[in-house]
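**Student:** This is the structure I want to talk about, given as structure tokens.
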């Protein structure tokens, strides 16, 4: 997962790699103001939705945000209302997989 910034808003990129080596890439611009942590959550949400679209049942999510990974694993508490909303959405999406591990 990558992110960058431009005049239209942050650009996020998602890469899904199957066990057979198939690579599926997608990138898009977020058209609304977000903080760095919100961008990290948006990337994970987009990643999980893309995986569900491709009927993935087991996924290992690699995220470079310790905050997001720790909140998803229940090691950190989401204190901000927006972060709590993002976390609840990710947990809802996560529950749709047979196995969903965060690294």
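Derivation of every value follows stated rules applied to the coordinates shown; laboratory data play no part. Here the structure is a predicted model, which is why all the values come from computation and not from measurement. Ideal geometry is used to build each Cβ from the backbone, glycine not excepted, and the neighbour counts take in all protein chains shown.
**Student:** Pull up the DSSP beta bridges for region 2-102 and report the antiparallel fraction as a percent, rounded to 5.
**Tutor:** 75 percent
**Student:** Please order 55, 82 by the number of other Cβ within 10 Å, starting at the fewest.
**Tutor:** Fewest-to-most ranking of 55, 82: 55, 82.
**Student:** Can you put 50, 83 in order, fewest other beta carbons within 10 Å first?
**Tutor:** With the sparsest Cβ surroundings first, the list reads 50, 83.
**Student:** Considering every pair of different Cα atoms, what Kirkwood radius, in Å, is found for the chain? Display every interim value, and only then the final one.
**Tutor:** Working: mean 1/r = 0.0710 Å⁻¹.
Evaluated over the chain, this radius sits at 14.1 Å.
**Student:** Build a GNM of the chain with springs between Cα atoms under 10 Å: which of 34, 69, 56 gets the top mean-square fluctuation?
**Tutor:** Residue with maximal mean-square fluctuation among 34, 69, 56: 34.
**Student:** Go ahead and estimate [θ] at 222 nm for the chain from helices alone: -39,500 (n - 2.57) per DSSP H run with n ≥ 4, summed, over the residue count, rounded to 500.
**Tutor:** Result for the chain, helices only: -12000 deg cm²/dmol.
**Student:** Another question about this same structure. Using Cα pairs under 8 angstrom and six or more residues apart, how large is the relative contact order of region 2-102, in percent?
**Tutor:** On the way: 115 pairs, mean separation 24.5, N = 101.
For region 2-102, the relative contact order is 24 percent.
**Student:** Would you mind ranking 90, 57, 11, 23 so that the residue whose beta carbon has the fewest other beta carbons within 10 Å leads the list?
**Tutor:** Fewest-to-most ranking of 90, 57, 11, 23: 23, 57, 11, 90.
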